[in-house]
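The values are calculated or read from the model by the stated rules, or taken from the named source; none is laboratory data. Computed from a predicted model, the values in this text were never measured in an experiment. All Cβ positions, even for glycine, are placed from backbone atoms using ideal geometry, and neighbour counts span all protein chains on display. Note: areas computed on protein heavy atoms with side chains; ligands, DNA, RNA excluded. Shrake-Rupley method; radii C 1.70, N 1.55, O 1.52, S 1.80 Å.
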Amino acid sequence: MLHPGAPALEALLRALQRLPGVGVKSASRMAFHLLQHDHAAALQLAQALQLAVAQLRHCALCHTLTELELCPVCTDPARDDALLCVVETPADQLALERTGAYQGRYFVLMGRLSPLDGRGVHDIGLQALLRRVLLPTAAVVPPVQEVIVATGFTAEGEATAHIVAQALQPHGVKVTRLARGVPIGSELEYVDLGTIAHALADRR
């Protein structure tokens, strides 16, 4: 125990370390800041987490997080029903929404293939995706014409994209992959070689 005589502090530090990218030092810094300098923020954070856990659920159609049975994107009549963008997490969906460049529907896998973490095909919502794409109720969910696979460009993300495309291919659904390329405003000499190679391969 790092802080004998303070089990509440120890529990807080362990809880913070469960967040991605947060180690011992980062957890200590956040915990001590909240406890020493901002009790109001600490209480607000605790209440917000309790409320989120109690009220948020998965959208019945796209699996993102929402307080209703269907999320606002799924109920928006202005969205393009023919396009379905597959992402790994609600955070990825939010990032795409912020661009304002996509007006179709989404499906959130809630993860990606990761054999090292014990996450296989049955853990990423693939069957639910197939049901969403292949078994629509025309009166409620119009048919999807194109699935855009927007998983990450990590080894796990690429494997997930391959599995999704492979599962949909026999059913005649058009499957496209989010393009990779050189970031806007960047100098070629500072861009990694893998990004340049993919930009050349995906040129248009």
Next on the checklist: Which residue is modelled with the lowest pLDDT, if the candidates are limited to segment 173-188 and must be within 26 Å of Ile124 (Cα to Cα) and open to solvent by 70 Å² or more (accessible area, probe 1.4 Å)?
Outcome noted: Ala179
Checklist entry - Which condition breaks for His63 when tested against (1) open to solvent by 60 Å² or more (accessible area, probe 1.4 Å); (2) within 27 Å of Gly172 (Cα to Cα)? => result (1)
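Out of segment 62-75, which residues are part of a loop (DSSP other than H, G, I, E, B) and without any contact (Cβ under 8 Å) to a residue 60 or more places away in the chain?
Here is the first cut: in segment 62-75, the ones part of a loop (DSSP other than H, G, I, E, B) are 62-64, 67-71.
Once the filter is applied, which keeps residues that are part of a loop (DSSP other than H, G, I, E, B) and without any contact (Cβ under 8 Å) to a residue 60 or more places away in the chain, segment 62-75 yields Thr64, Glu67, Leu68, Glu69, Leu70, Cys71.
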Checklist entry - Within segment 79-90, how many residues are of a type outside the set (A, V, I, L, M, F, W, C) and either open to solvent by 30 Å² or more (accessible area, probe 1.4 Å) or part of a strand (DSSP E or B) (or both)? => result 4
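To keep it simple, each residue is scored yes or no on (1) within 19 Å of the chain's Cα centre (by Cα); (2) modelled with pLDDT of 95 or more; (3) assigned to a helix (DSSP H, G or I).
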residue: Glu10; (1), (2), (3): no, no, yes
residue: Gly21; (1), (2), (3): yes, no, no
residue: Met30; (1), (2), (3): no, yes, yes
residue: Gln36; (1), (2), (3): no, no, yes
residue: Pro77; (1), (2), (3): no, no, no
residue: Asp92; (1), (2), (3): yes, no, yes
residue: Ala95; (1), (2), (3): yes, no, yes
Checklist outcome for this item: Given (1) in contact with a Lys or Arg (Cβ under 8 Å, 6 or more places away or on another chain); (2) closer than 26 Å to Arg79 by Cα; (3) of a type in the set (S, T, N, Q); (4) modelled with pLDDT under 85, Thr160 misses just (4)
Item to check | Test: residue in segment 93-116 that is open to solvent by less than 30 Å² (accessible area, probe 1.4 Å) and on the phi > 0 side of the Ramachandran plot | outcome: yes
